[in-house]
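The values are calculated or read from the model by the stated rules, or taken from the named source; none is laboratory data. Everything quoted here is computed from the prediction, not taken from an experiment. All Cβ positions, glycine included, derive from the backbone under ideal geometry; neighbour counts span all protein chains shown. The accessibility values were calculated without ligands, DNA or RNA, using every heavy atom of the protein model including side chains. Shrake-Rupley method; radii C 1.70, N 1.55, O 1.52, S 1.80 Å.
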Amino acid sequence: MRASFPLETKRLRIWTNLALYWDRIAVDLSAPPADASRLQAVPLNSAQLGFRGFSGFLRPKPGFPQPERFDYQRVHYNAPWDPLEGTYTRYGDVRAPLGLQDSQFAVFGSGDEVMLEFDEQPLQKVPDGWKRDYLLYLNGYVKDGDRNTSNAGKVEPLPFAGMSHYPYSAAEARTAPWHTAAYRGYARVVPDP
């Protein structure tokens, strides 16, 4: 993670509900060169949603706290946990809902995978002495089956851009943009297990 802060910053708080493990935290007080970086957007050529399966779990070393890690090459087809009940985006092309920051997002579940392809043609040549890094910017929501989570074990009610909080009130739910026919066109119903 990289971030910039005003020079007068004396304290920094990082808050999350995720289990985070840090290898290192460093603060660079030097002024960056005037042309230290360039940001270039790369067009999304393809986004395909489909079922893949579940990556094999890598066991951590005993007595050494580590984040969960998975082996992408080892695939299992039985879910290690119960799927969330609800309506998901149908398999296939999901480029349209992924193209904008709005409430028409792709809703996918455990075992599903989104395969993305980008067009590298518009990228400028890397100047001598520079290196290219890639940043995948994601804007979305995560729901889980933890019984302490609001509406645990269910996909709905879906969050939406502009909501005041989650879970939202019944009055605010009536304004949710995912009630539109355009959004419902992406849905597929997942049968009960």
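Before moving on, here are some points about what is shown:
- Qualifying aspartates and glutamates (Cα of each under 15 Å from Cα of Lys143; at least 8 residues distant if same chain): Asp82, Glu85, Asp112, Glu156
- When shorter helices are ignored and each DSSP H run of at least 4 residues is given -39500 (n - 2.57), the per-residue value for the chain at 222 nm works out to -1000 deg cm²/dmol.
- Of the residues Ala96, Ala47, Trp22, the one whose Cα sits farthest toward the positive end of the charge dipole of the chain, with +1 on the Cβ of Lys and Arg and -1 on the Cβ of Asp and Glu, is Trp22.
- Residue-wise HN-Hα coupling along the stretch 102-119, computed from phi with Karplus coefficients 6.51, -1.76, 1.60 (Hz; x: Gly, Pro): 9, 9, 9, 9, 7, 9, 10, x, 4, x, 7, 9, 10, 9, 10, 10, 10, 8
- Net dipole in debye of the stretch 1-103 [+1 Lys, Arg Cβ; -1 Asp, Glu Cβ; about Cα centre; nearest 20]: 300 debye
- The structure shown yields Rg and Dmax of the Cα atoms in Å, and of the options (1) 20.6, 57; (2) 18.8, 60; (3) 16.2, 51 that calculated value carries the label (1).
- For the stretch 12-26, Karplus couplings with θ = phi - 60° (6.51, -1.76, 1.60), whole Hz, Gly/Pro x: 9, 10, 10, 10, 7, 9, 9, 7, 10, 10, 9, 7, 6, 10, 10
- Of the peptides 18-25, 146-153, the ranking by mean beta-carbon count within 10 Å, highest at the top, reads 146-153, 18-25.
- Of all the options Tyr137, Tyr88, Tyr166, the one that moves most in a Gaussian network model of the chain with Cα springs shorter than 10 angstrom is Tyr137.
- Partners for Lys125 among lysines (Cα-Cα distance below 18 Å; same-chain residues under 8 apart left out): none
- Mean Cβ neighbour count within 10 Å, used as a protection proxy, ranking 35-43, 78-86 highest first: 78-86, 35-43
- Heavy-atom accessible surface of Thr16, to the nearest 10 Å², is about 60 Å², with a 1.4 Å probe and all protein chains retained.
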